[in-house]
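*Asks:* To start, I am sharing the structure in question, which I have written as C-alpha cells.
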Amino acid sequence: MIENAKHLREHALELGMRQAKGPRTRILVSMGTCGIAADTEPVLAALREEISRRDLQDVFEVVETGCMGLCHSEPSIEVVDGVEGTMTLYGNVVPGQAAAIIEAGPYEAAGVEVLERTWYCPENEENTNGALQARVVLRNSGRIDPENLDSYLIAGGYQGLARALTEMSPEEVGGEVRESGLRGRGGGGFPTGMKWGFAAARKARDKFVVCNADEGDPGAFMDRAVLEGDPHCVLEAMAIAGYAVGASQGIIYIRAEYPLAIKRLRKAIEQARENGFLGSGIMGGKFSFDIDIKYGAGAFVCGEETALIHSIEGHRGEPTFKPPFPAVSGLWKAPTVVNNVETFANVPAIIRRGADWFKQIGLPECTGTKVFALAGKVSKVGLVEVPMGATLHDIVYGVGGGIRDGREFKAVQTGGPSGGCLKADHLQTPITYETLRALDSMMGSGGMIVMDSDDCMVNVAKFFLDFTLDESCGKCTPCRIGNKRLHEMLTEVCAGRGTQETLAKLKNLSHTIKDTALCGLGQTSPNPVLSTMLQFEDEYREHIEDKKCRAGVCRHLISYVINDDCVGCTLCARNCPVDCISGQRREKHEIDQDKCIKCGVCHSLCKFHAIDKR
Amino acid sequence: MTKNRVRPTGPIGSDGVINQEPKKRQELADYMSGLNLGDDRDRNRGFLIQCLHKAQELFGYLPESVQLFVADRLGLHLSEVYGVISFYSYFTTVPVGRYRINVCMGTACFVRGADRVLEEFKRHLGIDDGETSENGKFSLGGLRCVGACSLAPVVMVNDKVYGNVAPDKVPDIINDCQ
Ligand SMILES: Cc1cc2nc3c(=O)[nH]c(=O)nc-3n(C[C@H](O)[C@H](O)[C@H](O)COP(=O)(O)O)c2cc1C
Ligand code: FES
C-alpha cells in the first residue's frame, strides 16, 4: 500500500536502484498482438533457454513488453545495456539467432538485422537526435512490462496522480489540462480541459469518467497498443480526470475483440487496487475512485459517445441527439466525461511535467503528438507517433520507408470510414486537425492507409460504404437508406454502368446525408465518396466515359489475356478455379472470357509474365 | 456482418438448450448471482451485455431458452434481450462451426486483396459470409482489423492467425482444419 506521494517517490527510487543492481542487460521482447501473431513466442523461449544454458541469469533479464510499433519487423527485440548505456534494436529475429544475440550482449550481434531507432522520448531525452517521432503516448509501450506495476512505477508511474492529489486543487488540474492545449484524439479534437470543465461545473451526486476503447476504425490499432503496452497509464489518467471533475467511478468501454488488452487491463486494475492507486482513500488521502470494465459486442457506432453510453446502460447502442452533451447529462443522466484512450494517455505526463512542457511539443496552435497506425502499401507498417505539424512525407517516407516494392505513391486515407484521401500534392502539408479538415479529410482516430497505383479510388470509396452499410444502426433514414443508395450508385460506376448523371446524384445525395443524418456516423459516412470524387475526379470519369479502371481492380472493366510469352507450362490452367484456361502442353494457352471470374490467380502465378491485365 | 435471424419453430424457449447442460446453466447462474444486481431494472440492464458474453462463452451461441434465462434473472423482457442481441454482431443465435474462419476486412487487408480471399473461401466452402456449413464444421465471416496489418491480408481460424494469405493459399488453410 502506497501511503502518500512522498512514499511513492521513495518507493519508485528504491525500485529503480534495485533494478540497477540487478542484471545489467535487459532484453525487451515485443509481445503485443502483432508480435505474438508473428511468432515471437519461440524467440522468447529461445532467448530464455540460451540464458539459462549459459547460466547468465545474473547478467541478462528478459522482459515481455507491449508493442514497439515495429510491426514490419516482428519479432523485434531491444537489448538495453545498463553499463554501456547502449540500446540495440533487432528486427525479424528467429529463434536460431538467440545465441548470437546473447553472445554479443551490449554490442551489435553479427548476422542479425539491426533496426534504426526513429524516435525519442521528450520526457527523458533533451535532444531529438534528428528523430522524426516523439513518443509521449507510447513512451512506455515496448519499454516496460505491462503486467508488472513496479515496471510502471520505475518509469515515473502514478506520480502525476500523486502530484494532482497532493499539490493541486481539482480546478488546478483541470486548468493545467486546459492550458496544455490537449485535444481529443478520438476524432473530434474537442479541447479536453474544456470538456472536463463542463462536467466539473455540474452539481450532481454521481459523475462518471468513461474511457472510450472501442477503436472502431477498421485498420487502426493505436489504442490497443497503448492498452496492451501501458495499461496503468490509462488508469492513472482516469483517476486524475475523476479528481478534476469530482467523479468517483470510472468505466472503460472496450471492444470484446481485444482479449489481450482486456486481460492486461484487468490485471492492472487489480494491482492498482492492491497498492492504493484505486479504491477508497487513494494514496492515503480523501479521494476515492474505482474503475470497471464494460465490453462492446461488435458495433462500430458504439464508438460514438452517446451510443457508447447507451451500450453501457445495456441498451442497443443507438446514438441520440446532442445536446445534451454527455458532460452535462450522460451515463444514467449523470455528468459524464468521455475521452479516448490516447487522449487519456497524454494526461499523466502533462500533470507530471506541466502544461508548459507539453506545449513545447508540436505546434503552438495544435500541441502534443498524434499516434498513427500506418498500414497499406508502405514498406514499414507500424505505429508512428509524431509531433503535431509533421508532414505526411515525414510519416510515409521518413518513418514508413516509402512505398513497398518501389511503386508509386498514390494516396493516403486518414480518418477511416469518416475521413478522406490525400494525394501526392499534400505530402508536404503539416498535419493538424484544421489542415486535414481544410483538405476534406480528417484526423480521425489515427488510421493511416497508404495506397499505390494498384488501388482504385472508386473501389476504395465503395469499400468504406460497405462498412457503413454494415454498421449503420438504422435509426435514421438518411443513413439507413441514403448510404444504401450511394453504395448502389458506386457499384454501378465500378461495373461500368455509371453515367454523368450518376456522378451528379452521388454528390447531391452525399450532401443531403451529411446535412440530415442523426449522428456522427451518418454525418461523416459520405466523406470517403466526396473526398475521392474531389481528389480523383479523373478516375471516376474514366470509369464512366472510357469504361476503364486504371488500377485494374474493378472486375467488370478488366480482362485477362494470354500473350505470346506463354510457354505452355500449364501452371495457370491447373490452378484456374473455374477451369476456363485451355491449351496443349508447350503451346500457347487461351482464356475463355465468358467463363473467367477474373480472380487474378493466373496473373499472380505466371512466372513468364505471359498474362496481361487489360 | 450478415447473420441468420430466422426464429426456430415451436413455443418460445422450446429449444431447451439451457436445461440440457445443467453444468453450464449452473455456471451462468453463479456468475449472475455474483453481480451486484438490485431492484432497479435500469441499473440491472447495465449488466445485460456482460451476461450475454458469459452465456455465449459457455454455450457457444444464444438460443431462446438461454435468452429467457438471462431475461428472467435480470427482470427484463425477452424482447429487450433479443433487441440487444440482434443489434450487436458479436452475438449469435445459431450455433457456429467448429472452425470459425474469419477473413480480416480491415482497410489494410482490403487494399491488399482480402475481398478476393473471402471470395475464394465462399467458393471452396460453398457457404456465404455469415453462414455455417451443413455438417457444422465451418463458419465463414469477416472481421475488422485484428491488428496484424503488417501481415495483410490476414485470416483467423478460431484463434490462429494466418498472414499474407493469397487466394491460392485458401485450400491449404481449409486442409489445416482437421
Ligand atoms: C461513428 C463514430 C465512431 C466513433 N468511434 C470512436 C472510437 O472508436 N474511439 C473513440 O475514441 N472515439 C470515437 N468516436 C468519437 C466519440 O464520439 C467521442 O468524440 C470521443 O470518444 C471523445 O473523446 P476525445 O475527446 O478524447 O476524442 C466516434 C464518433 C463517431 C461519430
Ligand atoms: S486491417 Fe487486417 S489486420 Fe489490420
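The values are calculated or read from the model by the stated rules, or taken from the named source; none is laboratory data. Everything numeric in this text was worked out from a predicted model, so none of it was measured. For neighbour counting, all protein chains shown are included, and Cβ atoms are generated from backbone atoms with ideal geometry for every residue, glycine included. Remember, those area values only see protein heavy atoms, side chains included, never the ligands or the DNA or RNA. Shrake-Rupley method; radii C 1.70, N 1.55, O 1.52, S 1.80 Å.
*Asks:* Report whether or not residue A:253 is under 15 Å from residue A:352 (Cα atoms) and either modelled with pLDDT of 95 or more or in a helix (DSSP H, G or I) (or both).
*Replies:* The answer is no for residue A:253.
*Asks:* Continuing with the same structure: Within the range A:529-614, which helices (runs of 4 or more DSSP H) (wholly inside it) include 1 or more residues that are outside the structural domain of residue A:484 (by TED's automatic domain parsing) and either among the hydroxyl-bearing types (Ser, Thr, Tyr) or surrounded by fewer than 16 Cβ atoms within 10 Å (Cβ to Cβ) (or both)?
*Replies:* A:571-575, A:601-605
*Asks:* Testing residue B:131 on (1) open to solvent by less than 20 Å² (accessible area, probe 1.4 Å); (2) under 13 Å from the mean Cα position of the chain (by Cα), one condition comes back false. Which one is that?
*Replies:* So residue B:131 meets the others, but not (1).
*Asks:* So, one more: Which ones in the range A:182-194 are open to solvent by 10 Å² or more (accessible area, probe 1.4 Å) and either away from ligand 1 (no atom under 13 Å from the Cβ) or more than 19 Å from residue A:442 (Cβ to Cβ) (or both)?
*Replies:* A:194
*Asks:* Still on this structure, please answer the following. Would you mind telling me which numbered condition in (1) open to solvent by 60 Å² or more (accessible area, probe 1.4 Å); (2) more than 29 Å from residue A:220 (Cα to Cα); (3) touching a Pro at 6+ places or on another chain (Cβ under 9 Å); (4) not in a loop (DSSP other than H, G, I, E, B) residue A:96 fails?
*Replies:* The one condition residue A:96 does not meet is (3).
*Asks:* I need a count of the residues in the range A:34-48 that are open to solvent by 40 Å² or more (accessible area, probe 1.4 Å) and more than 11 Å from residue A:62 (Cα to Cα).
*Replies:* Of the residues in that region, 4 qualify.
*Asks:* Counting only residues that are away from chain A (no Cβ under 11 Å) and more than 24 Å from residue A:299 (Cα to Cα), which one in the range B:124-163 is nearest to ligand 2 (Cβ to nearest atom)? Show your work before the answer.
*Replies:* Of all residues in the range B:124-163, those away from chain A (no Cβ under 11 Å) come to B:125-128, B:131-140, B:153, B:155, B:157-158.
Of the ones still in play, those that are also more than 24 Å from residue A:299 (Cα to Cα) are B:125-126, B:133-137.
Working: B:125: 20, B:126: 25, B:133: 24, B:134: 29, B:135: 29, B:136: 27, B:137: 25 Å.
Selected residue: B:125.
*Asks:* Taking the range B:130-178 as the region of interest, how many residues are among the polar types (S, T, N, Q), touching a residue at least 12 places away in the same chain (Cβ under 8 Å) and farther than 19 Å from residue A:221 by Cα?
*Replies:* Residues in the range B:130-178 being among the polar types (S, T, N, Q), touching a residue at least 12 places away in the same chain (Cβ under 8 Å) and farther than 19 Å from residue A:221 by Cα: 4 in total.
*Asks:* Among (1) within 14 Å of chain B (Cβ to nearest Cβ); (2) more than 16 Å from ligand 2 (Cβ to nearest atom); (3) assigned to a helix (DSSP H, G or I), where does residue A:238 come up short?
*Replies:* (1) is the only condition that residue A:238 fails.
*Asks:* Pairs please, first residue from the range A:179-208 and free of Cβ contacts under 8 Å to residues at least 40 places away in the same chain, second anywhere and part of a helix (DSSP H, G or I) and within 16 Å of ligand 1 (Cβ to nearest atom), Cβ atoms under 7 Å, 6+ apart in sequence or on different chains.
*Replies:* If the second residue must be part of a helix (DSSP H, G or I) and within 16 Å of ligand 1 (Cβ to nearest atom), the pairs left are A:191/A:178; A:193/A:174; A:193/A:177; A:193/A:178; A:194/A:178; A:197/A:174; A:197/A:178.
*Asks:* Kindly list the number of the only condition in (1) more than 17 Å from the chain's Cα centre (by Cα); (2) at the interface with chain A (Cβ under 8 Å from one of its Cβ atoms); (3) crowded, with 22+ Cβ neighbours inside 10 Å that fails for residue B:121.
*Replies:* Every listed condition holds for residue B:121 apart from (2).
*Asks:* Same structure, new question: Go through the residues of the range A:169-181 one by one and say whether even a single one is open to solvent by 10 Å² or more (accessible area, probe 1.4 Å) and at positive phi.
*Replies:* yes
*Asks:* Here's a follow-up. Please determine, by comparing only the residues of the range A:206-218 that are away from chain B (no Cβ under 14 Å) and more than 9 Å from ligand 1 (Cβ to nearest atom), which one is farthest from the chain's Cα centre (by Cα).
*Replies:* A:207
*Asks:* Could you list, in sequence order, the residues of the range A:517-528 that are at pLDDT below 90 and either away from ligand 1 (no atom under 16 Å from the Cβ) or in a helix (DSSP H, G or I) (or both)?
*Replies:* Of everything in the range A:517-528, just one residue is at pLDDT below 90 and either away from ligand 1 (no atom under 16 Å from the Cβ) or in a helix (DSSP H, G or I) (or both), namely A:520.
*Asks:* Residue under question is residue A:261, and the condition is that it be within 16 Å of ligand 1 (Cβ to nearest atom) and either over 17 Å from the mean Cα position of the chain (by Cα) or not in a loop (DSSP other than H, G, I, E, B) (or both); does it hold?
*Replies:* Here the answer is yes, as residue A:261 does meet what is asked.
*Asks:* Taking the range A:421-461 on its own, how many of its residues are away from every other protein chain (no Cβ under 14 Å) and not small (Gly, Ala, Ser)?
*Replies:* Residues meeting the conditions: 19.
*Asks:* Of the conditions (1) out of contact with any strand residue (DSSP E or B) (no Cβ under 8 Å at 6 or more places or on another chain); (2) within 16 Å of ligand 1 (Cβ to nearest atom), residue A:245 clears all except one; give me its number.
*Replies:* Here residue A:245 meets the rest and fails (1).
*Asks:* Also, quick follow-up: Could you say which residue among A:135, A:139, A:143, A:117 is among the charged types (D, E, K, R), within 22 Å of the chain's Cα centre (by Cα) and more than 30 Å from residue A:276 (Cβ to Cβ)?
*Replies:* From the options A:135, A:139, A:143, A:117, the qualifying one is A:117.
*Asks:* Taking helices (runs of 4 or more DSSP H) that do not extend beyond the range A:1-61, which have at least 3 residues that are more than 14 Å from chain B (Cβ to nearest Cβ) and over 30 Å from residue A:286 (Cα atoms)? Please lay out each step first, then the result.
*Replies:* Numbers: elements: A:5-21, A:33-37, A:41-53.
Helices (runs of 4 or more DSSP H) meeting the threshold: A:5-21, A:41-53.
*Asks:* When residue A:210 is evaluated against the numbered criteria (1) away from ligand 2 (no atom under 16 Å from the Cβ); (2) open to solvent by 10 Å² or more (accessible area, probe 1.4 Å); (3) within 22 Å of residue A:317 (Cβ to Cβ); (4) not basic (Lys, Arg), which criterion, by number, is the only one it fails?
*Replies:* (2)
*Asks:* What is the residue count in the range A:539-578 for residues that are hydroxyl-bearing (Ser, Thr, Tyr), under 29 Å from residue A:457 (Cβ atoms) and at pLDDT 90 or above?
*Replies:* 2
Here's the yes/no breakdown for (1) in contact (Cβ under 8 Å) with a residue 40 or more places away in the chain; (2) in a loop (DSSP other than H, G, I, E, B); (3) open to solvent by less than 40 Å² (accessible area, probe 1.4 Å); (4) in the same structural domain as residue B:126 (by TED's automatic domain parsing):
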{"position": "B:9", "(1), (2), (3), (4)": "no, yes, no, no"}
{"position": "B:28", "(1), (2), (3), (4)": "yes, no, yes, no"}
{"position": "B:52", "(1), (2), (3), (4)": "no, no, yes, no"}
{"position": "B:68", "(1), (2), (3), (4)": "yes, no, no, no"}
{"position": "B:71", "(1), (2), (3), (4)": "no, no, yes, no"}
{"position": "B:83", "(1), (2), (3), (4)": "no, no, yes, no"}
{"position": "B:92", "(1), (2), (3), (4)": "yes, yes, yes, no"}
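*Asks:* Another question, then. Select from the range A:254-299 the residues that are of a type in the set (Phe, Trp, Tyr) and at the interface with chain B (Cβ under 10 Å from one of its Cβ atoms) and write down the one among them that is nearest to residue A:195 (Cα to Cα). Walk me through how you get there before you give the answer.
*Replies:* Applying the first criterion (of a type in the set (Phe, Trp, Tyr)) to the range A:254-299 yields A:258, A:277, A:287, A:289, A:295.
In the following step, the residues that additionally are at the interface with chain B (Cβ under 10 Å from one of its Cβ atoms) were identified as A:258, A:295.
Values: A:258: 28, A:295: 24 Å.
Here the answer is A:295.
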